[in-house]
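Below: one structure, written as structure tokens.
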Amino acid sequence: MPELPEVEVVRRGLERHAVGRTVQAVEVRHPRAVRRHLAGGADLADRLAERRLISARRRGKYLWLPLDSGDALVAHLGMSGQLLVQPPGTEDEPHLRVRLVFTDGGPELRFVDQRTFGGLALEPDAGDLPPSLAHIARDPLDPEFDLEAVVAALRRRRTGLKRALLDQTLVSGVGNIYADEALWHTRLHWARPTEELRRPEARAVITAASDVMRAALGEGGTSFDRLYVDVNGQSGWFDRSLHAYGQAGRPCARCGALIVREAFMNRSSFRCPRCQRTPRRPRW
DNA sequence: CGCAGGCCCTGGTAGC
DNA sequence: TGCTACCAGGGCCTGC
């Protein structure tokens, strides 16, 4: 599941392998992959053809590639999306959704996505950010990320802590994996009411999320199910450093109690039952 | 407005 | 063996 570190690895790959090149033609092989492009796949292909990719940018889990036309190609990898750079003639992947061919005859850019939660769309490149991303908060790796403002906003919420960490309008880039890791590092329970957080606790959990994501980026991104690979198909290996996520039944690295898995928001949450005690008034 | 919950999607796997 | 049920979960959407 690509979260911020994995998406950043992809962004760097795009910067290296796609930026500066000119699109010759685009093949949209699955309409769902371009569902956010309301004018349809043919329109997307038309407006991308003969356009040069200017740069590769990211906010949270979103990527966008500004074009020399003033549009930007916005991409989200969803659960299982990949952007692969493949030599022409390489056999098509089973879940190939969109193919970009370049005028230089070099490697193609392929959007591959098994579960089709991800997709591509063209939008105006409105200065700093495509319009559809206006609601996405800055992520912790953004130079303009304002920790104290996020801490204050977090403590104004009236919800469970993990819900808030996953809310991309509060802080972006954090998904299920890094939320569980940040909570484990700070010994906080996922159902802690945000309005009861002490300022140092709030500061610690946001800082922990930031630190864990930065560490993952340093190691090439988390990958435990082979669905995530970077722009050239290389897997990361950060899963070996996870302390909570996916560790049910394994001993907590801090206290030895067995990590438990709990249902939360139709997904899983992992925590240490001893280090991360259930709060008196949980907000599930 | 803030917040909660449903839904979308597919391949792998567990269970009968 | 072959079927069904369940699981992974980010983000959009709706309703309260």
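The values are calculated or read from the model by the stated rules, or taken from the named source; none is laboratory data. As the structure is a prediction and not an experimental result, all values here were calculated from the model. With ideal geometry, Cβ positions are generated from the backbone for all residues, glycine too; neighbour counts draw on all protein chains shown.
Please enumerate the residues belonging to region A:195-209 that are among the β-branched types (Val, Ile, Thr) and under 15 Å from A:Gly160 (Cβ atoms). Across region A:195-209, the qualifying residue is only A:Val205.
Please pick out the residue among A:Arg271, A:Arg267 that is in contact with a Leu (Cβ under 8 Å, 6 or more places away or on another chain), modelled with pLDDT of 55 or more and either surrounded by 13 or more Cβ atoms within 10 Å (Cβ to Cβ) or not assigned by TED's automatic domain parsing to the domain that holds A:Arg99 (or both). Unique residue meeting the criteria: A:Arg271. Does at least one position in region A:116-129 carry a residue that is of a type in the set (S, T, N, Q), touching a residue at least 12 places away in the same chain (Cβ under 8 Å) and touching a Leu at 6+ places or on another chain (Cβ under 7 Å)? Scanning region A:116-129, I find no residue that is of a type in the set (S, T, N, Q), touching a residue at least 12 places away in the same chain (Cβ under 8 Å) and touching a Leu at 6+ places or on another chain (Cβ under 7 Å), so the answer is no.
Determine, yes or no, whether A:Glu144 is part of a loop (DSSP other than H, G, I, E, B), more than 19 Å from A:Arg12 (Cα to Cα) and free of Cβ contacts under 8 Å to residues at least 60 places away in the same chain. Here the answer is yes, as A:Glu144 does meet what is asked. Condition check for A:His185 on (1) in a helix (DSSP H, G or I); (2) within 16 Å of DNA strand C (Cβ to nearest atom); (3) of a type outside the set (A, V, I, L, M): one failure, at (2). Total residues in region A:127-148 satisfying the condition of being away from DNA strand C (no atom under 14 Å from the Cβ) and within 20 Å of A:Val34 (Cβ to Cβ): the figure is 0. Comparison of A:Asp230, A:Asp146, A:Asp225 shows that the only residue that is away from DNA strand B (no atom under 16 Å from the Cβ) and modelled with pLDDT under 90 is A:Asp230. Does region A:128-137 contain at least one residue that is within 12 Å of DNA strand B (Cβ to nearest atom) and either at pLDDT below 95 or charged (D, E, K, R) (or both)? Checking region A:128-137: at least one residue is within 12 Å of DNA strand B (Cβ to nearest atom) and either at pLDDT below 95 or charged (D, E, K, R) (or both).
Within region A:162-175, the set of residues being within 10 Å of DNA strand C (Cβ to nearest atom), over 14 Å from A:Ser210 (Cα atoms) and assigned to a helix (DSSP H, G or I) comprises just one member, A:Lys162.
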